[in-house]
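Structure, as structure tokens:
The values are calculated or read from the model by the stated rules, or taken from the named source; none is laboratory data. Keep in mind that what you see is a predicted model, and the values were worked out from it rather than measured. All Cβ positions, even for glycine, are placed from backbone atoms using ideal geometry, and neighbour counts span all protein chains on display. Surface accessibility is based on the protein's heavy atoms, side chains included, excluding ligands, DNA and RNA. Shrake-Rupley method; radii C 1.70, N 1.55, O 1.52, S 1.80 Å.
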Amino acid sequence: MSRRIALSVAAGVVALGGAGAFALAHAGEQPPALADSTVRYTAPDGDRAGSLTFVTDVTASSGVKTVKVLAWPEGSSLAEEELTAEDMAAVESAVCKPSGEDTARCTYTVEVTASDAASSPSGLWHVAVLATAHDGTTTLDTEAADFTVG
């Protein structure tokens with residue numbers, strides 16, 4: 001093999017290696033992904049409290065740091081003014097447990113008292129989710145799941 005061809009091959013390997021390293025670094029910066037999001041609302045009945053349970057699978061290559069959850073009624077001001085990550089910073093967190101290499105199953109459960117139900121508007125509600133990865137990337141889904149309050 002001539003010296004010129006050997007240098008060209010070496011340069012090509014270095015260029016491909018650099019492109020591969022860039023692709024891997026870029027893949028590490030992908031925002032968290034939500035999957036299989038479900039919500040279940042159970043109204044209080046008599047002296048038995050109800051509950052709201054939201055479950056989602058979150059995948060993040062750097063790991064899941066936090067998942068914030070907010071239920072909001074369709075007819076509220078949040079329907080007109082879009083929620084932001086800053087709005088979600090102060091809301092309650094889901095409990096996340098590893099369920100795969102880069103995935104966590106996150107569950108948020110809250111008790112719904114008769115008083116809570118009586119003061120809540122009837123109709124369609126949405127669940128907003130802010131997922132934050134350890135590398136700081138975020139995903140905000142303002143309508144990750146829906147439920148109806150009767």
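Structure data summary
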quantity: Flag if GLY17 is over 16 Å from the mean Cα position of the chain (by Cα), surrounded by 10 or more Cβ atoms within 10 Å (Cβ to Cβ) and at pLDDT below 95; calculated: yes
quantity: Qualifying residue in region 48-59 (condition: part of a helix (DSSP H, G or I) and on the phi < 0 side of the Ramachandran plot); calculated: no
quantity: Residue within region 97-105 that is of a type outside the set (Lys, Arg) and under 28 Å from ALA43 (Cβ atoms) present; calculated: no
quantity: The lone exception for LYS97 - which of (1) part of a helix (DSSP H, G or I); (2) under 20 Å from THR53 (Cα atoms) it fails; calculated: (1)
quantity: Check on VAL95, in contact with a Ser or Thr (Cβ under 8 Å, 6 or more places away or on another chain) and without any contact (Cβ under 8 Å) to a residue 24 or more places away in the chain; calculated: yes
quantity: Residue count for region 103-147, restricted to those that are hydroxyl-bearing (Ser, Thr, Tyr) and open to solvent by less than 60 Å² (accessible area, probe 1.4 Å); calculated: 9
quantity: Qualifying position, being basic (Lys, Arg), under 14 Å from ALA144 (Cβ atoms) and open to solvent by 60 Å² or more (accessible area, probe 1.4 Å), among ARG40, ARG48; calculated: ARG40
quantity: Where a residue in region 29-42 is more than 30 Å from THR113 (Cβ to Cβ) and its partner, wherever it lies, is in a strand (DSSP E or B), with Cβ under 6 Å and at least six apart; calculated: PRO31/THR139; PRO32/VAL58; PRO32/ALA131; PRO32/ALA133; PRO32/THR139; ALA33/THR59; ALA35/ASP57
quantity: Any hit, region 77-88, residues being under 23 Å from ASP135 (Cα atoms) and either part of a strand (DSSP E or B) or touching a Lys or Arg at 6+ places or on another chain (Cβ under 6 Å) (or both); calculated: yes
